[in-house]
Amino acid sequence: MSGVSTQTQVAPASQGVSWRSIAASIGMMPLLLLALIVLFGLLEPRFVSEANLFNLTRQSTYLIIVCVAQFLILITGGIDLSVGSNVALVSVVTATVMKYMLGIDPEAVSWAVTVAIVSGVLTGAGVGLFNGLGVALFRVTPFVMTLGSLSIASGLALYISGGYSISGLPEQFGNVLAYDSVYGIPVPILYAAVIVVLTYVLLSWTRFGRYFYAIGSNFKAARLSGVRTSLNQVFAYVVAGTIVGIGGVLLTARTESGEATLGGTDLILNSIAACLIAGVSLTGGRGLLRNVVMGAIFITALSNGMNLLRVNSYLQTIIIGAVLVIAIAVDQMRDSNRNR
Amino acid sequence: MSGVSTQTQVAPASQGVSWRSIAASIGMMPLLLLALIVLFGLLEPRFVSEANLFNLTRQSTYLIIVCVAQFLILITGGIDLSVGSNVALVSVVTATVMKYMLGIDPEAVSWAVTVAIVSGVLTGAGVGLFNGLGVALFRVTPFVMTLGSLSIASGLALYISGGYSISGLPEQFGNVLAYDSVYGIPVPILYAAVIVVLTYVLLSWTRFGRYFYAIGSNFKAARLSGVRTSLNQVFAYVVAGTIVGIGGVLLTARTESGEATLGGTDLILNSIAACLIAGVSLTGGRGLLRNVVMGAIFITALSNGMNLLRVNSYLQTIIIGAVLVIAIAVDQMRDSNRNR
Amino acid sequence: ADATDNWELNVKERTPPFSEKGEWKDAVYKPLPKSDVSEKWNICVLFPHTKDPYYMAMTYGAVTEAKAKGIALNVFAAGGYTELPTQISQLEDCVSRGADGIAMVAISATGLNRAIARAADQGVPTAITGGDVTSDRVAARAQGNWFDAGRMVGEYLMKKHPKGSDSVKVVWLGGPEAPRWSKDSADGFVATLKDVDNIEVVKVIWGEPSKAAQIPLIEDALLAYPDVDYIGGIAPAIEAGIQVLKEKGKTDIGLLSSYTTPVVEAGLRDGSVEATATDYTAAQARVAIDQLVRLLEEKPVAQDVDTGFGIIDQESVKTHNRALSLAPEGWEPYFEVK
Amino acid sequence: MDLDVRAGEVHVLFGENGAGKSTLINIICGALPPSSGQIFIDGKPVTFRSVQDARHAGVSVVYQEFSLAPDMTVEENLFLANEKRGWSGLLQKKAMRTTALQHFQRLGFHISPDALVGSLSRAECQMVEIAKAALTEPRILILDEPTASLTEAETTQLFELIRGLKRSGVGVIYISHRISEIQQIGDRVTVMRDGRHIATVGASETDRKQLVELMTGRSFGGFYPEIQFSPTETLLTVSSLSTVNGKVRDASLTVRRGEIVGLAGLVGCGKSEIGRACFGVEPRAGGAIQLGDIDLSHATPRDFIQSGVAYVTNDRIHEGMLLCRSVRENISLASLKSPTLLRSGMLSRKAEKRESFDMAKRMSLAPLDIERTAQGFSGGNMQKALLGRFLAREPQLLILDEPTVGIDVNAKAEIYAVLEQLVSAGMAVLLISSDLPEVLSLSNRVYVVREGLIVDELTGDKRTEENALSGFFVKE
Ligand SMILES: Nc1ncnc2c1ncn2[C@@H]1O[C@H](COP(=O)(O)OP(=O)(O)OP(=O)(O)O)[C@@H](O)[C@H]1O
Ligand SMILES: Nc1ncnc2c1ncn2[C@@H]1O[C@H](COP(=O)(O)OP(=O)(O)OP(=O)(O)O)[C@@H](O)[C@H]1O
Ligand SMILES: [Mg+2]
Ligand SMILES: [Mg+2]
């Protein structure tokens, strides 16, 4: 099955820990990331410079956040193609609301920023709710449902923004959500960390996480066991939508403008690719959050490193595709060897 | 859960055919297409004008061709995200080879065109082979495999073309493959028809079709029944790649230039959406070719009709998304009602 | 009719039109007054997409000109630079629907030739306002050469750093690698500075033309080329550059844009952008519509017009006619004039 | 449909495949809504809108198709939708672990709470499913074919558990196709047919024959056919076979034409693996497999099929049927290359229709509609269709792994009849079954398997349950 059989923990009583099982339980992702860092570090010392690691972590935060949302949906056996346009819609809504509030009272900056952030996050949650209702109540397959809302949300974003980037947002907004640092750590990393930790708690320490996994692993079984599948599916989509909403707001702060082009196809494909490379199963029920975070860092680091190495952009495209395929192929082979 | 409940036990001899089972076996697609045509016809009489129907059929040919390829892959339980960049690569290769051949001998136009077409189709088949080997031998999930080759093929297309569109292809090429008419029927429609018919024969009148459906329906069962699953998977991907290759060559003839940007995300998403709206299952094993063809026409007609009605492009995006979701949701509800 | 109806634009006109050997002469383009328009012509406008301020400016130019002339007009978007087949179809749809003329920014230089020829066969003239279409059946042209966008930015640099002065380094963020306009402007920039000893173009970096995609590219470029003095390129990259430089507190790097957007223009005003080229986006579209109407009315027409590029710097931004390049602030886009 | 269950009784539901037993269960436990009618608990009418409602009322179920998530651990499954939570809403993992260990100990199941359910055998899954249902201390426990994949030892243990629950006043609804079990454990029996209540009788005062008559609505002859074997030459020779996963060690056996050879053993003893290795599915570590004179030691399933071996899996859902395809396609799948169906490279769909229909008729498929999708058929009929698929190839050797799991007496009898017919026509059959009476009665010879070793071969009069059971367990 998957290389990710990380779940084979050692029974609490038995203390015999084998290297093999440790290797199996860690999975491929950390090794892959380590290999990448070592390789790039050797090829280009600047890659491991403080400044670049700083850049890298901040660049990866947005992908991490979106990946966490994607991951939640993948666990339940779904897929979210609408993350990209959700980000765009959130961005446009946040910026529009902020401008509108400032138009009413130019002094009340904090108030305007707060209201705008809340509207943005709620927009994200709303798209999630829409997806969730379609999937859970109307039984539209997640692929189709989120393909539809991809179209709808991006149309709405363009409609609201009229194709313009909505700029002139207050500095404070950009500072608080994107550019300030706390103890030398850029704030977006902190927000991403909070999201990751909360998601970890949700998945590992509350019922909901179990239900998400159960729904993705065997929908019927979950229902027969008394899991309210519809409710939990909707919940998963709303949580994911909210997280995308937060990501969208943070990206808006980063660009300090509302953009209907934010979060293109790349964001969708990268978020899915990062999860898959981290061993998340497309059929649901399987995957580890920490690997997903590493997967997102991996994908960001790959293009960051190639940028530093001054690799041509079309070559970058080819390499990213090849790495994805090879990584998964190797993982599969390792896996089937192990299963022999 | 499809059409299961009709308890009419029709032995092959007995000729008692119920309307209900006919309705069930036809499915939603023809009705949907009919409804669309009637609606647009009423709103805008020019929609059903000869000139527009002519345009519509010709426009839909390319999507039909790509949908047929996508359909083959979906049947086997896969998905092909690389159709778009495959088209781009085919286009660039075809044009490059043609220019190169003409550079050697500017007189031998037919020869150059022929060689170029063959190279283009082979390129498509090659991408298919690459996908097929990854999926069948290295057990990379189709989603990841074709995501990878999406990247690789589009990088290659850019690399070969250097980002420029390759123009100056001989008129003859465009004429024969895109602009001529035979008995008033534009040639691309004929090519598409030939592809559809051959695919129909492949699926319904040869073993391979059975094997594709069997693999998608239950991979293990197919293997245990003696089906060479790997071989047949590779075969399916090669056939699909070849069809995409033909589509790419025809598109190149239509644009009369090699373009690395041909076949963007829209082509991927539309080809999948057309199949899904036609009732093809994402998990494989289920779907009818004729419905897929209608699905492709439906999607083309939807945007053609909205163009005629001069619907704002933002609104078009929203409407397409909404129609997709609603169509599938209604189908699901109808289905579950029937199963009660 | 508001004040913007009486516009004019300094252009170059080629006579005879479209001829390789034609001669480019300076001219002032003035629109045909409404009183000379005898019929409610129906014009189709085709753009690759309508998702960014550039095409908003185009749309603005087209619809305001149509309004000023009292003709009907529809704007269609193909959906992106990858949707050439869609654009061909849209062109065919326009003709079969009975449009009197077509103005377009072509996705491909050659891909639409046949469709344009077929339109011409049916008596539907096509005016090109972008995309360097090679067809000889084009009825009118109103576009700049994107090569000039790069060239003018390059020349701006050469003027600022004349031969013998300190040497400077610059990276160019070219945007998407495949469309003609981004490719050409990068080529123009590189070619202009190729033989200039003291100005070095260290790298052309391609990437998705959105601000969010350009931010990491600039961050990485600043590390890969720590000693750059200028960042040039497409507007989203420059918008991203404003952001990144502000955050890193780097005030010693100049930003040069290859076309104008409202944000870039604001950057010029507040000093964060040094200069931008402009192709008079809105005016181009107005010229194209005007050319079509003149053709349809069989009035004298300048068929082959190079709308040219201009450079706007922090000084000239105060005086330039904004409406030639951009839609006015707060303009609500619409895509149909009835 | 009427059904009443008293506290402290085991009420058996009995009926053919598709009689509606599982459907009834699904209604009682809230998974499906009733169209009409009422459910009473302690005399009070209740309506369950969800499984959760039913569970709160003390109804818990062991489902026929398990309600387990394969990607989760045993413990996570055990507590699914029933997690222990602290005041903060967070999970109390330690407490759950302790409870799980105690619970398994009480039930006598040896399963690690950390194991992934997906890696367990069907039998182990069954145990987890039972443990899960028993965890909540239900007032009404419903068991839908709980022993389908269990053998005697586990079954005995389960019966102990049921008796214990009975004593503490739990009402048990028990569904099984094994008549002997009904008499062992049942207090009353309700017979169902076509979703209707036929009769409720006391278990002790009704015998086998009566039950079957009630169930089928017609009288029934001998249950297991008396097959006359006339074995000829040896067809399959397996010598010192062992598998990579270690489930099979040094197994040697032979199957002759015209006989049924049985493999019997405890759950997880490796008898399935012997069958699978004889079809190239299970990777082989050593030993040789020969079919007649042909060496098939390194062959793939496809090679086996082409040399005339057919393997009918025990997992018809996951490895057998093409659920979303028609029965016609299901039956013809393995024989598409036969000259009757393949004419100059093209399929003859007419011939296919005819052949498939004939085969369906021969297997007495019900309903006899070959254009219906397979998922619309009951388990027994799926099994018949699956058997039909391989018989269509007219194999020399048929390997059957648990061919009668979960199918009713009627269907069983029909399958037995087919087997009898095949053997008399000279086919060799290797029958793997956990249903001990079945293997013993049907087979000419029975190999007893224990921990991957073949420990005994029973022939003739030695084919008794005592002899087999003594082979199952290690002699101290
Ligand atoms: N979703 C469904 N749609 C249509 N028919 C169904 C559905 N589910 C079950 N049936 C039909 O309902 C009938 C009763 O099925 P049920 O599973 O309750 O039988 P059962 O008595 O449990 O049989 P078994 O002994 O095989 O478990 C069968 O004929 C089956 O085909
Ligand atoms: N895919 C698999 N991967 C790993 N282990 C497996 C797999 N399938 C089965 N097993 C293990 O093999 C053992 C034997 O299982 P199986 O049910 O096939 O045995 P069996 O001898 O056929 O018993 P029975 O036929 O009575 O169920 C089980 O303990 C199970 O854990
Ligand atoms: Mg049942
Ligand atoms: Mg078994």
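The values are calculated or read from the model by the stated rules, or taken from the named source; none is laboratory data. Since the model is a prediction, treat every value here as computed from it, not as a measurement. Note that each Cβ is placed from the backbone with ideal geometry, even for glycine, and that neighbours are counted across all protein chains shown. To get the accessible areas, we keep the full protein, side chains included, count just its heavy atoms, and leave off ligands, DNA and RNA. Shrake-Rupley method; radii C 1.70, N 1.55, O 1.52, S 1.80 Å.
How many square angstrom of accessible surface are buried between B and C, both sides summed, with a 1.4 Å probe and rounding to 100? Accessible area lost upon association: around 3000 Å². The residues of the protein assembly as shown expose, per residue, 37 Å² of accessible area to a 1.4 Å probe. As a rough guide to protection, the peptides C:132-141, C:309-318, D:387-396 ranked by mean Cβ packing within 10 Å, highest first, stand as D:387-396, C:132-141, C:309-318.
Any chance you could check the Cα centroid distance between the range D:171-196 and the range C:62-122 for me, in angstrom? Value for the Cα centre distance between the two parts: 75 Å.
Take each residue in B:302-314, count the other chain C-beta atoms within 10 Å of its C-beta, and the mean is 6. Legend: calculated FRET efficiency, A:Ser204 to D:Arg49, from the Cβ-Cβ distance at R0 = 45 Å, rounded to 0.05, equals 0.90. Accessible surface buried by the B/D pair amounts to about 3000 Å², both sides summed, 1.4 Å probe. For the protein assembly as shown, the convex hull spanned by the alpha carbon atoms encloses 200 Å³ per residue. For the range D:92-181, the carbon plus sulfur part of the accessible surface works out to 52%, probe radius 1.4 Å. Between 0 and 90 degrees, rounded to the nearest ten: what's the tilt of helix A:50-75 against the longest Cα principal axis of chain A? Between helix and principal axis, roughly 80 degrees.
With a 1.4 Å probe and every protein chain left in place, tell me how much accessible area D:Ile454 has, in Å² to the nearest 10. Approximately 40 Å² for this residue.
Taking a ≥ b ≥ c as the square roots of the eigenvalues of the alpha-carbon gyration tensor, the range C:276-338 is classed oblate because a/c is 1.5 or more while a/b is no larger than b/c. Take each residue of peptide A:130-139, count the partner chain Cβ atoms within 10 Å of its Cβ, and average: the result is 3.
Peptide packing for C:230-239, A:125-134 was compared via the average number of neighbouring C-beta atoms within 10 Å per residue; ordered from the highest value, the list is C:230-239, A:125-134.
Using the Cα coordinates of the range B:226-292, the gyration tensor eigenvalues translate into equivalent-ellipsoid semi-axes of 26, 18, 10 Å, sorted from longest to shortest.
Rule-of-thumb check for the range B:234-340: C-alpha Rg over 2.2 N^0.38 Å? Working shown, then result.
Details: Rg = 16.3 Å, N = 107, 2.2 N^0.38 = 13.0 Å.
Normalised Cα radius of gyration, the range B:234-340: 1.25.
Mean residue ellipticity at 222 nm, helices only, chain C: -12000 deg cm²/dmol; runs of at least 4 DSSP H residues each add -39,500 (n - 2.57), and the sum is divided by the number of residues.
Given a 1.4 Å probe and heavy atoms of the protein chains only, how would you sort B:Thr265, C:Thr307, largest accessible area at the top? Write out the running numbers ahead of the final one.
Values: B:Thr265 45, C:Thr307 0 Å².
Result of the area sort, largest leading: B:Thr265, C:Thr307.
On the protein heavy atoms, probe 1.4 angstrom, tell me the percent of accessible surface of the range D:234-472 carried by carbon and sulfur. Intermediate results must be reported in sequence, preceding the final value.
Working: 3720 of 7810 Å².
Percent of accessible area from carbon and sulfur atoms in the range D:234-472: 48.
Nonpolar atom fraction for chain C, defined as the carbon and sulfur part of the 1.4 Å probe accessible area, stands at 48 percent. Distance from the Cα centre of the range B:111-165 to that of the range A:92-140, in angstrom? Between the Cα centres of the range B:111-165 and the range A:92-140 lies a distance of 42 Å.
Over the range D:234-472, the pair-distance histogram of Cα-Cα distances with 5 Å bins from zero comes to 1, 7, 15, 18, 19, 17, 12, 7, 4, 1, 0, 0 percent, rounded to whole numbers.
Taking a ≥ b ≥ c as the square roots of the eigenvalues of the Cα gyration tensor of the range D:355-419, is the shape rounded (a/c under 1.5), prolate (a/b larger than b/c) or oblate? Note, shape of the range D:355-419 comes out oblate. Here each label is just a point 7 Å from Cα along the line to Cβ, and for C:Met158 and A:Asp180 those points are 4.9 nm apart. Here the Kirkwood formula puts the hydrodynamic radius of chain C at 20.3 Å, using every distinct Cα pair. Taking the convex hull of the alpha carbon positions in the range A:75-132 and averaging its projected area over all directions gives 4.2 nm².
The helix-only estimate of mean residue ellipticity at 222 nm for chain D, built from DSSP H runs of length n ≥ 4 each weighted as -39500 (n - 2.57), is -9500 deg cm²/dmol after division by the residue total.
By DSSP, the beta bridges lying fully in the protein assembly as shown are antiparallel in about 45 percent of cases. Rolling a 1.4 Å probe over the protein heavy atoms leaves D:Glu213 with an accessible area of roughly 70 Å². Ranked by the mean number of other Cβ atoms within 10 Å per residue, highest first, peptides D:23-31, D:103-111 order as D:23-31, D:103-111. Given contacts defined as C-alpha pairs under 8 Å and at least six residues apart, what's the relative contact order of the range B:110-214, whole-number percent? Dividing the mean separation by the residue count of the range B:110-214 yields 13 percent. Putting +1 on Lys and Arg Cβ atoms and -1 on Asp and Glu Cβ atoms, find which of B:Ala178, A:Gly148, B:Leu231 reaches farthest to the positive end of the dipole of the protein assembly as shown. In the protein assembly as shown, that residue is B:Leu231.
Pair-distance distribution P(r) for chain D, from all Cα-Cα distances in 20 Å bins starting at 0: 22, 55, 22, 1 percent. One quarter of the surface of the convex hull around the alpha-carbon atoms of the range C:36-155 equals 8.1 nm², the direction-averaged projected area. For the range B:124-243, the equivalent ellipsoid derived from the alpha-carbon gyration tensor has semi-axes of 32, 23, 8 Å in decreasing order. Using the empirical formula 2.2 N^0.38 Å as the baseline, the Cα radius of gyration of the range D:155-310 reaches a ratio of 1.47.
The relative contact order of chain C comes to 22 percent, based on Cα pairs under 8 Å that sit 6 or more residues apart. Distance between the modelled labels on B:Leu39 and B:Val330, one decimal in nanometres: 0.7 nm (7 Å Cα→Cβ projection).
Under 5 Å between amide hydrogens, built in the peptide plane, is the criterion, and for C:Val45 it picks out C:Asn74, C:Val75, C:Phe76, C:Ala103 among residues at least 5 positions away or on other chains. Shown for the range C:202-223: residues covered by the partner protein chains by 10 Å² or more of accessible area relative to the chain by itself (probe radius 1.4 Å), namely C:Lys203, C:Trp206, C:Glu208, C:Ser210, C:Lys211, C:Ala212, C:Ile215, C:Pro216, C:Leu217, C:Glu219, C:Asp220, C:Leu223.
Against the main long axis of the alpha-carbon atoms of chain D, helix D:93-107 sits at an angle near 70°. Principal semi-axes of the equivalent ellipsoid, √(5λ) from the alpha carbon gyration tensor of the range B:118-194, are 31, 19, 9 Å from largest down.
If contacts are Cα pairs under 8 angstrom and at least 6 residues apart, what is the relative contact order of chain B in percent? Can you show the working numbers first?
Details: 527 pairs, mean separation 113.6, N = 340.
Across chain B, relative contact order equals 33 percent.
Could you compute how much accessible area chains A and B hide from each other, both sides summed, with a 1.4 Å probe? Nearest 100 Å² is fine.
So the buried area, both faces added, is about 3200 Å².
Normalised size of the range C:235-305, defined as Cα radius of gyration per 2.2 N^0.38 Å with N residues, equals 1.62. In terms of Cα atoms, the Rg and Dmax of the range D:82-164 work out to 13.8, 45 Å. Pairwise Cα distances in the range D:10-216 exceed 30 Å for 22 percent of all pairs. For the Cα trace of the range D:1-48, dividing Rg by the Kirkwood Rh returns an Rg/Rh value of 0.95.
What separates the Cα centres of the range A:264-294 and the range A:44-63 is a distance of 21 Å.
Projected over all directions and averaged, the alpha-carbon convex hull of chain B occupies 19.7 nm². Partner shielding of A:178-187 amounts to 1, given as the average count of beta-carbon atoms from other chains within 10 Å of each residue beta-carbon.
When the helices in chain B are scored as -39500 (n - 2.57) per DSSP H run of 4 or longer and the sum is shared across all residues, what 222 nm value do you end up with, to the nearest 500 deg cm²/dmol? Walk me through the intermediate numbers first.
Working: 14 runs with 246 residues, N = 340.
Helices in chain B give a 222 nm mean residue ellipticity of -24500 deg cm²/dmol.
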